[in-house]
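Chemist: One structure follows; several queries about it will come next.
The values are calculated or read from the model by the stated rules, or taken from the named source; none is laboratory data. Model, not experiment: these values are computed from the prediction. We place every Cβ from the backbone using ideal geometry, glycine too, and count neighbours over all the protein chains shown. The protein model used for the area step is the full one, side chains on, heavy atoms only, and it has no ligands, DNA or RNA in it. Shrake-Rupley method; radii C 1.70, N 1.55, O 1.52, S 1.80 Å.
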Amino acid sequence: MSLLDVSGLSCRFGSQTALSDISFQVDKGEIIGVIGSSGAGKSTLLRCLCALERPTEGQILLEGADLTQLTERELVAARRKVGLVFQHFNLLNSRSVAANIALPLEIAGWAGGRITERVEELLTLVGLESHGYKRPSQLSGGQKQRVGIARAIANSPSLLLCDEATSALDPHTTTSILDLLVDINRSLGLTIILITHEMEVVRRFAHRVLVLDHGALIENGSMATLMRDSRGDPRLERLLADTRPSLPDTLRSQLSTVPLPDGLTLVRVVLGPQAAKTPFLSVLTRRFDQAITLIQGGTLACGSELLTDMILGFSEPLSEPLISFLEQETHVTEVLGYVPADH
Amino acid sequence: MYRLITRLIAESTLQTIEMVAASSFVAVLFGLPLAVLMIATRRTDLYDMPWLGRPIGWVIDAIRAIPFIILLVLLIPVTRFIAGTSLGTFAAIVPLSIAAIPYYARIAEISLQEIEPGLIEAVRVMGGTRWMVIRYVLIPEALPGLLSGLTVTAITLVGASAMAGAIGAGGLGDLAIRYGYQRFNVTIMFAVVAVLILLVGAIQGAGAVAVRAVRR
Ligand SMILES: Nc1ncnc2c1ncn2[C@@H]1O[C@H](COP(=O)(O)OP(=O)(O)O)[C@@H](O)[C@H]1O
Ligand SMILES: [Mg+2]
């Protein structure tokens with residue numbers, strides 16, 4: 001049985017449909033990225049999963065219990081199985097850092113001595129050993145989010161939800177927070193659902209990606225699959241644009257749709273995990289007698305997989321054997337066009 | 001002569017402090033729960049029962065609409081019922097409190113209103129009950145505002161207690177009216193004004209210290 005089983009989930013606010021007929025499952029220990037442009041329904045989905053919002057239709061089974069059928073009293077208990085990390089931290093400034101982390105334990109009725117012990121443990125886990133006495137307002141954004149994470153996992157939830165948890169942070173801090181989340185996922189086996197509008201965040205560490213668009217779930221698969229197979233769907237293309245190699249503007253403006261004498265043929269190729277470690281370009285140059293330049297791209301980590309996505313410039317027009325070789329060896333071969341070469 | 005003035009002023013100052021302290025205490029005792037009730041019933045993320053809080057707001061505004069000097073007279077029967085008399089310092093505490101409760105309730109409501117909805121959501125999602133939200137979020141997070149509101153209320157009550165002197169409440173206002181106005185004793189008049197200024201300054205200072213202590 002999966003940890004989380006969502007089926008036929010719909011959520012409407014008056015005439016506005018925020019989620020329509022969403023179904024997916026999450027297994028224990030997975031890291032799921034939920035991505036979609038703003039207004040796609042990501043936050044609504046998360047609020048349904050932590051029982052802050054009651055969906056209009058559908059079922060949410062968390063460890064077998066249906067969150068949509070619980071009474072207010074039962075919901076209070078069910079929510080303790082879910083941790084939520086917020087974009088804007090939402091820490092209480094009337095309490096010290098340690099007391100913020102202690103709050104969910106106080107609420108759950110832990111004894112004082114056990115709380116102190118657990119808080120120490122959590123402060124160490126998130127790397128804030130010496131900051132327990134401070135007020136949240138004295139911390140940097142990254143440190144605040146560490147407190148937010150410690151607070152969310154204090155009561156050992158079975159599911160950790162992150163709503164744009166890194167969107168208010170700079171790139172360096174984002175990386176350190178994501179590393180912390182991956183650490184927690186590995187060491188505690190904690191299941192994490194992370195929603196974000198930043199594809200980069202998802203690409204680096206999500207085992208699986210859910211794509212929301214106007215309230216509908218339009219993709220559910222690994223990031224590598226998504227990057228390989230998105231071709232043609234403009235909704236996905238728009239989301240993926242940031243993680244993709246793209247032509248520099250000067251080249252784009254020179255791009256022609258017909259072959260030019262002496263020109264370069266620009267081709268986007270996407271290769272699977274094995275290709276990253278083989279001398280793919282050398283094979284092409286030797287076997288097909290081509291001079292090849294790398295215009296953009298390279299090998300990226302997609303969750304645990306490697307994916308190579310690049311734009312190449314071929315000195316000669318593509319021959320039939322070359323085309324069939326590329327089609328065989330690559331996931332995607334897309335001729336972008338032709339540009340005049342400089343001599 | 002000067003010894004008499006000093007004694008009169010010392011006595012009156014104590015009476016004023018007594019009236020202000022007692023009615024400030026009653027204002028918080030009843031005003032804060034009323035403010036919490038108004039906020040918690042209005043918010044859709046808490047009790048979501050606006051029909052309960054709204055009429056309380058109407059009553060509060062109605063009392064606030066009445067000038068204090070008229071309220072004093074209107075409340076004489078109530079004061080007699082509670083205090084046994086309508087004259088004296090103890091009796092003045094009744095109308096002062098009744099004026100201060102709605103005043104403080106509205107001021108406290110403003111501080112409670114400023115609380116980020118995200119903080120309430122954070123405690124809800126931890127499995128906190130609505131009562132825990134009030135106890136762990138609303139009151140502690142609004143505490144600096146609640147304290148500066150109390151300072152403003154106490155200072156307003158210093159002025160109102162002087163007005164209560166008109167019905168023989170004792171205190172500095174009474175002294176200023178009896179000696180300063182009716183017998184035109186300028187020395188006492190100025191001395192009372194000086195003490196009032198000092199008193200207000202002291203309340204303001206103490207309030208600022210308290211706010212700083214809880215804000216950190
Ligand atoms: N409480 C609400 N009342 C009315 N409309 C809402 C509410 N919450 C969300 N919506 C609407 O639902 C849609 C999805 O919102 P949201 O889940 O916040 O999107 P995202 O987090 O992907 O940006 C938006 O069009 C938003 O206006
Ligand atoms: Mg959102």
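Chemist: Looking at (1) within 15 Å of the chain's Cα centre (by Cα); (2) farther than 27 Å from A:Ala40 by Cα; (3) among the β-branched types (Val, Ile, Thr), which one does A:Ile193 not meet, given that it meets all the others?
Modeler: (2)
Chemist: So which of A:Gln145, A:Gln138 is in contact with a helix residue (DSSP H, G or I) (Cβ under 7 Å, 6 or more places away or on another chain) and more than 19 Å from A:Arg79 (Cα to Cα)?
Modeler: A:Gln145
Chemist: Same structure, new question: Looking at the stretch A:82-92, can you tell me whether even one residue there is over 19 Å from A:Leu181 (Cα atoms) and either at the interface with another protein chain (Cβ under 8 Å from one of its Cβ atoms) or part of a helix (DSSP H, G or I) (or both)? Break it down into steps so the answer makes sense when it comes.
Modeler: Step one: of the stretch A:82-92, the residues over 19 Å from A:Leu181 (Cα atoms) are A:92.
Keeping just the survivors that are either at the interface with another protein chain (Cβ under 8 Å from one of its Cβ atoms) or part of a helix (DSSP H, G or I) (or both) gives A:92.
Yes, there is a match, as at least one residue in the stretch A:82-92 is over 19 Å from A:Leu181 (Cα atoms) and either at the interface with another protein chain (Cβ under 8 Å from one of its Cβ atoms) or part of a helix (DSSP H, G or I) (or both).
Chemist: Among the residues of the stretch B:72-84, is any open to solvent by 50 Å² or more (accessible area, probe 1.4 Å), out of contact with any Phe, Trp or Tyr (no Cβ under 6 Å at 6 or more places or on another chain) and among the hydroxyl-bearing types (Ser, Thr, Tyr)?
Modeler: no
Chemist: Also, quick follow-up: Taking only the stretch A:28-53 into account, find how many residues are in contact with a Gly (Cβ under 6 Å, 6 or more places away or on another chain) and closer than 15 Å to A:Ala165 by Cβ. Lay out the reasoning, then the answer.
Modeler: Filtering the stretch A:28-53 for residues in contact with a Gly (Cβ under 6 Å, 6 or more places away or on another chain) gives A:29, A:41-42.
Within this subset, residues satisfying the condition of being closer than 15 Å to A:Ala165 by Cβ are A:42.
Residues in the stretch A:28-53 being in contact with a Gly (Cβ under 6 Å, 6 or more places away or on another chain) and closer than 15 Å to A:Ala165 by Cβ: 1 in total.
Chemist: Something else now. Given the conditions (1) free of Cβ contacts under 8 Å to residues at least 24 places away in the same chain; (2) within 16 Å of ligand 1 (Cβ to nearest atom), report the number of the one that A:Leu45 does not fulfil.
Modeler: Condition (1) is where A:Leu45 drops out.
Chemist: Tell me, which residue of the stretch A:313-336 that is more than 18 Å from A:Gln274 (Cβ to Cβ) and in contact with a Lys or Arg (Cβ under 9 Å, 6 or more places away or on another chain) is surrounded by the most Cβ atoms within 10 Å (Cβ to Cβ)?
Modeler: Across the stretch A:313-336, the extreme among qualifying residues is A:Leu322.
Chemist: Going through the stretch A:213-267 one residue at a time, which ones are surrounded by fewer than 12 Cβ atoms within 10 Å (Cβ to Cβ) and β-branched (Val, Ile, Thr)?
Modeler: Selection gives A:Thr250, A:Thr257, A:Val258.
Chemist: For A:Glu72, indicate whether it is within 16 Å of ligand 2 (Cβ to nearest atom), more than 30 Å from B:Arg215 (Cβ to Cβ) and surrounded by fewer than 19 Cβ atoms within 10 Å (Cβ to Cβ). Spell out how you get there, then give the answer.
Modeler: Values: within 16 Å of ligand 2 (Cβ to nearest atom): no; more than 30 Å from B:Arg215 (Cβ to Cβ): yes; surrounded by fewer than 19 Cβ atoms within 10 Å (Cβ to Cβ): yes.
No.
Chemist: Could you please find all residues in the stretch A:152-175 being within 25 Å of A:Ser37 (Cα to Cα) and either part of a loop (DSSP other than H, G, I, E, B) or touching an Asp or Glu at 6+ places or on another chain (Cβ under 7 Å) (or both)?
Modeler: The answer is A:Glu164, A:Ala165, A:Thr166, A:Ser167, A:Ala168, A:Leu169, A:Asp170.
Chemist: Could you check the stretch A:24-69 and list, in sequence order, the residues that are within 16 Å of ligand 2 (Cβ to nearest atom) and either out of contact with any strand residue (DSSP E or B) (no Cβ under 7 Å at 6 or more places or on another chain) or in a helix (DSSP H, G or I) (or both)?
Modeler: A:Ser37, A:Ser38, A:Gly39, A:Lys42, A:Ser43, A:Thr44, A:Leu45, A:Leu46, A:Arg47, A:Cys48, A:Leu49, A:Leu52
Chemist: Identify the residue in the stretch A:111-134 that is outside any helix (DSSP H, G or I) and surrounded by fewer than 18 Cβ atoms within 10 Å (Cβ to Cβ) and, among all such residues, is farthest from the other protein chains (Cβ to nearest Cβ).
Modeler: A:Gly127
Chemist: Follow-up question, since we're still on this one. Going by the structure shown, is A:Leu178 under 30 Å from A:Gly83 (Cα atoms), in the same structural domain as A:Glu30 (by TED's automatic domain parsing) and outside any helix (DSSP H, G or I)? First the steps, then the outcome.
Modeler: Values: under 30 Å from A:Gly83 (Cα atoms): yes; in the same structural domain as A:Glu30 (by TED's automatic domain parsing): yes; outside any helix (DSSP H, G or I): no.
For A:Leu178, the condition - under 30 Å from A:Gly83 (Cα atoms), in the same structural domain as A:Glu30 (by TED's automatic domain parsing) and outside any helix (DSSP H, G or I) - is not met.
Chemist: Moving on. Residue check, B:Leu112 against (1) surrounded by 21 or more Cβ atoms within 10 Å (Cβ to Cβ); (2) more than 20 Å from B:Val28 (Cβ to Cβ), all met but one. Which one?
Modeler: Going through (1) surrounded by 21 or more Cβ atoms within 10 Å (Cβ to Cβ); (2) more than 20 Å from B:Val28 (Cβ to Cβ) one by one, B:Leu112 breaks only (2).
Chemist: Yes or no: the stretch A:283-299 includes at least one residue that is loosely packed, with under 13 Cβ neighbours inside 10 Å and under 31 Å from the mean Cα position of the chain (by Cα).
Modeler: Yes: one or more hits.
Chemist: Still on this structure, I have one more. Can you name the residue in the stretch A:93-110 that is crowded, with 20+ Cβ neighbours inside 10 Å and touching a residue at least 40 places away in the same chain (Cβ under 8 Å) and is also farthest from A:Leu169 (Cα to Cα) among such residues?
Modeler: Per the stated criteria, the residue is A:Leu105.
Chemist: State whether the residues of the stretch A:55-63 include one that is within 15 Å of ligand 1 (Cβ to nearest atom) and either within 14 Å of chain B (Cβ to nearest Cβ) or touching a helix residue (DSSP H, G or I) at 6+ places or on another chain (Cβ under 8 Å) (or both).
Modeler: Initial filter on the stretch A:55-63 (within 15 Å of ligand 1 (Cβ to nearest atom)): A:55-56.
In the following step, the residues that additionally are either within 14 Å of chain B (Cβ to nearest Cβ) or touching a helix residue (DSSP H, G or I) at 6+ places or on another chain (Cβ under 8 Å) (or both) were identified as A:55.
Yes.
Chemist: Let me confirm something: among A:Ser176, A:Ser187, which residue is open to solvent by 30 Å² or more (accessible area, probe 1.4 Å) and closer than 25 Å to A:Ala78 by Cα?
Modeler: A:Ser187
Chemist: In the stretch B:127-141, how many are open to solvent by 20 Å² or more (accessible area, probe 1.4 Å) and of a type outside the set (Phe, Trp, Tyr)?
Modeler: 7
Chemist: Name every residue in the stretch A:193-218 that is modelled with pLDDT of 90 or more and touching a Leu at 6+ places or on another chain (Cβ under 9 Å), in order of residue number.
Modeler: A:Ile193, A:Leu194, A:Ile195, A:Val209, A:Leu210, A:Val211, A:Leu212, A:Asp213, A:Gly215, A:Ala216, A:Leu217, A:Ile218 - these are the residues of the stretch A:193-218 that are modelled with pLDDT of 90 or more and touching a Leu at 6+ places or on another chain (Cβ under 9 Å).
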